[in-house]
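Have a look at the structure below before the remarks.
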Amino acid sequence: QLPALLLELAYLPLAVTLMAKVGALGQSPTALLKRWRAHGVQVTDQRRGDRLTSLERSISFSFESNTVSDSPDSLRLLSVIAYLADGVRGATLSDLVPSIADVHDALAPLLCTSLVYQSANRDSYHILPPVRSYIRQRHPITMDMANDVLQFYCRYVLEHWFDRANPDTVLHVT
């Protein structure tokens with residue numbers, strides 16, 4: 001289970017180091033993985049730690065920076081991207097969150113603080129699992145934003161699922 005745990009921690013050195021400290025108290029990688037999935041960044045909280053010894057405080061330091069906290073649209077966008085396990089394609093971002101007037105302005109502070117990163121081929125935006133865990137626990141997606149996401153994907157399925165030449169025929173995905 002150690003490889004699975006490392007993958008969940010996105011191989012982040014701070015996250016791995018802090019989890020190793022928790023594991024040194026006698027917990028197996030399997031138990032740590034189970035706790036991580038249940039409690040997220042709280043598992044690594046070293047109590048009284050600073051941003052260099054607490055994963056949660058390190059993430060909150062970026063989250064609470066003026067760069068991000070001064071932009072309500074950035075905070076809303078961050079909760080949406082955290083809601084999506086595999087991130088979001090840049091080409092669909094504006095359609096996904098129509099209530100955010102300028103998604104690129106909202107995205108810029110998130111990229112600057114490394115709360116969000118761009119894929120290697122630069123076509124999608126993602127959040128590392130420890131950051132996603134923190135955002136989902138501390139700043140979950142609002143119902144309005146979740147409805148935007150749901151409506152987007154419903155429209156997407158309706159537009160792409162049916163054969164355009166024969167709308168009564170459903171395409172079978174293999």
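Karplus-based coupling profile of the range 80-85, in residue order and whole Hz: 5, 5, 5, 5, 9, 4, with θ = phi - 60° in 6.51 cos²θ - 1.76 cosθ + 1.60 and x standing for Gly or Pro. For the range 87-95, putting each phi into the Karplus relation 6.51 cos²θ - 1.76 cosθ + 1.60 with θ = phi - 60° gives couplings of x, 9, 6, x, 5, 9, 4, 5, 6 Hz, in residue order, rounded to whole numbers and with x for Gly and Pro.
Once the 1.4 Å probe is applied to the protein heavy atoms, the chain comes out at 60 Å² accessible per residue. Charged side chains reduced to their Cβ positions (Lys and Arg at +1, Asp and Glu at -1) give the range 1-132 a dipole of some 680 debye around its Cα centre.
Computed from the Cα positions only, the extents of the chain along the three principal axes stand at 62, 41, 31 Å, in decreasing order. To put it simply, the accessible area of the chain at a 1.4 Å probe is 55 percent carbon and sulfur. The mean sequence separation of alpha-carbon pairs under 8 Å and at least six residues apart, normalised by the residue count of the chain, gives a relative contact order of 20 percent. The residue list 154, 100, 118 was ranked by how far each Cα lies along the charge dipole of the chain toward its positive end, using unit charges on Cβ atoms, and 118 comes out on top.
The values are calculated or read from the model by the stated rules, or taken from the named source; none is laboratory data. Computed from a predicted structure; not experimentally measured. Glycine also receives a Cβ, built like all others from the backbone with ideal geometry; neighbour counts cover every protein chain displayed. Heads up: the accessible areas ignore ligands, DNA and RNA and are worked out on the full protein's heavy atoms, side chains in. Shrake-Rupley method; radii C 1.70, N 1.55, O 1.52, S 1.80 Å.
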